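Colleague: First the structure, which I've put down as structure tokens, then a few questions once you've had a look.
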Amino acid sequence: MNYSKIAGTGSYLPNRVVTNSELQTRIDTSDEWIVSRTGIEARHIAAEGEKTTDLAEHAARAAMAAANVNADDIDLIIVATTTPDKVFPSTACLLQARLGVKQGAAFDVQAVCTGFVYALSIADKFVASGQHRCALVVGAEIFSRLLDWNDRRTCVLFGDGAGAVVLKASKEPGILSSHLYADGSMGHILQVDGGVSAGKLADNPYLQMDGAAVFRLATRVLHECATEALRHNGFTVEDLDWLVPHQANMRIINSTTDKLNLPRERVITTVAQHGNTSAASVPLALDTAVRDQRIKPGQLVLIEGVGGGMTWGSVLLRF
Ligand code: UT7
């Protein structure tokens, strides 16, 4: 039996940090409101001219170094992004060229904040099938360019960044299960309506969100996903070493954790300093906890996400 296993992680954040204090000088908001409703204190924002592929490349190179692989080893690149640099080529193909990878497949996955969970699940199927041996799975976003910076209901919530993992074929189990879901009938509660069409920008190019509806869905499905992943593998909450949830809002994370009866010390959170980086949020949080040595080889880790689509899902893995 073939499995896939994470061999290395990496991440990257743009240099510029925008604090709540800075935002409150620009729009009608306050540090107190943002922290009490979301837990977010600051977010990183890409520089003008900095591209999603740039962020992805930094994260990918860090993951490749950690996994001790080079461009000749990688035969699959999947980039989860909602903010590609171009309509096409895909960000994955742009990244492949940057890294000097000459073989294998490269494509993007679009599942918004669940993008990395989707991409990791897809990469696992490709590697476990034996068709590919070494995948680079990246979540990279410049969400700041989808925001109306005068809309205080949305612009305070998001940030930019990238995270990556190298997923290799293995005889020992790494990825144990993945469960993916979508409900397209709820797409309107979190969307960017606009796009390029017939040479023009059609409809509203900014992110629109029914925050309360997203909040309700997120707290329900993240709990369901976590319970399902553990039960499917015959584990209980006591067996779980770490939960690495999508980093959108501390209240959503705490609700999920408390409903599971999981001690909050076993949850990785980066939302305070990163904001919601969409598809980059889970791999950024994962890499943070791997590098500070909280997540150790052999530990049981549950990652889960929820986002536009609406989409949601989980991956349970032995690190
Ligand atoms: O990856 C998924 C992405 N999205 C999410 O995860 C978002 C999920 N939803 C949420 O996190 C929460 O619904 C929010 C943080 C977006 C909003 O929190 P809330 O407790 O549901 O606040 P609210 O929308 O009910 O707004 C309460 C008040 C409103 O004022 P009024 O109408 O009661 O006078 C808002 O206008 O807070 C006001 N408000 C703000 N005030 C200061 C909304 N945004 C801000 C702001 N600063 N940035």
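The values are calculated or read from the model by the stated rules, or taken from the named source; none is laboratory data. As the structure is a prediction and not an experimental result, all values here were calculated from the model. Here Cβ is always computed from backbone atoms with ideal geometry, including for glycine, and neighbour counts include all displayed protein chains.
Colleague: Across the stretch 114-150, what is the number of residues that are outside any helix (DSSP H, G or I), out of contact with any Asp or Glu (no Cβ under 7 Å at 6 or more places or on another chain) and not acidic (Asp, Glu)?
Modeller: 12
Colleague: Still on this structure: Looking at the structure I just gave you, is GLY307 farther than 18 Å from LYS5 by Cα and either surrounded by 24 or more Cβ atoms within 10 Å (Cβ to Cβ) or outside the structural domain of SER11 (by TED's automatic domain parsing) (or both)?
Modeller: In short, yes.
Colleague: How many residues, within the stretch 1-46, are of a type in the set (A, V, I, L, M, F, W, C) and near the ligand (Cβ under 10 Å from one of its atoms)?
Modeller: Number satisfying all stated conditions: 5.
Colleague: Among the residues of the stretch 180-205, write down those that are closer than 21 Å to GLN247 by Cα and in contact with a Leu (Cβ under 9 Å, 6 or more places away or on another chain).
Modeller: ASP183, MET186, ILE189, LEU190, GLN191, VAL192
Colleague: From the list ARG216, ARG220, which one is within 12 Å of the ligand (Cβ to nearest atom), farther than 30 Å from ASN2 by Cα and out of contact with any strand residue (DSSP E or B) (no Cβ under 8 Å at 6 or more places or on another chain)?
Modeller: Exactly one residue qualifies, and that residue is ARG216.
Colleague: Restricting the stretch 171-219 to residues that are polar (S, T, N, Q) and surrounded by 15 or more Cβ atoms within 10 Å (Cβ to Cβ), which is farthest from the chain's Cα centre (by Cα)?
Modeller: Here the residue is GLN208.
Colleague: For MET1, all conditions in the list (1) at pLDDT 95 or above; (2) part of a loop (DSSP other than H, G, I, E, B); (3) aliphatic (A, V, I, L, M); (4) more than 25 Å from VAL196 (Cα to Cα) hold save one; what is the number of the exception?
Modeller: (1)
Colleague: Let me ask something additional. Taking into account only those residues within the stretch 269-319 that are assigned to a helix (DSSP H, G or I) and of a type in the set (Val, Ile, Thr), which is farthest from the ligand (Cβ to nearest atom)?
Modeller: So the residue we want is VAL290.
Colleague: List the residue pairs whose Cβ atoms are under 7 Å apart, where the first residue sits in the stretch 9-31 and is farther than 30 Å from ASN68 by Cβ, the second is β-branched (Val, Ile, Thr) and assigned to a helix (DSSP H, G or I), and the two are 6 or more positions apart or on different chains.
Modeller: These pairs meet every condition: ASN20/ILE34; ASN20/VAL35.
Colleague: Let me ask something additional. Looking at this structure, is GLN110 over 18 Å from GLY8 (Cβ atoms) and within 16 Å of the ligand (Cβ to nearest atom)?
Modeller: For GLN110, the condition - over 18 Å from GLY8 (Cβ atoms) and within 16 Å of the ligand (Cβ to nearest atom) - is met.
Colleague: Yes or no: LEU222 part of a loop (DSSP other than H, G, I, E, B) and surrounded by 15 or more Cβ atoms within 10 Å (Cβ to Cβ)?
Modeller: So LEU222 does not fit the description; no.
Colleague: May I ask you to list the residues in the stretch 138-156 that are among the aliphatic types (A, V, I, L, M) and more than 15 Å from the chain's Cα centre (by Cα)?
Modeller: Residues satisfying the conditions are LEU146, LEU147, VAL156.
Colleague: Take the stretch 239-268 and flag every residue that is assigned to a helix (DSSP H, G or I) and either modelled with pLDDT under 95 or among the hydrophobic types (A, V, I, L, M, F, W, C) (or both).
Modeller: Residues satisfying the conditions are MET250, ILE252, ILE253, LEU260.
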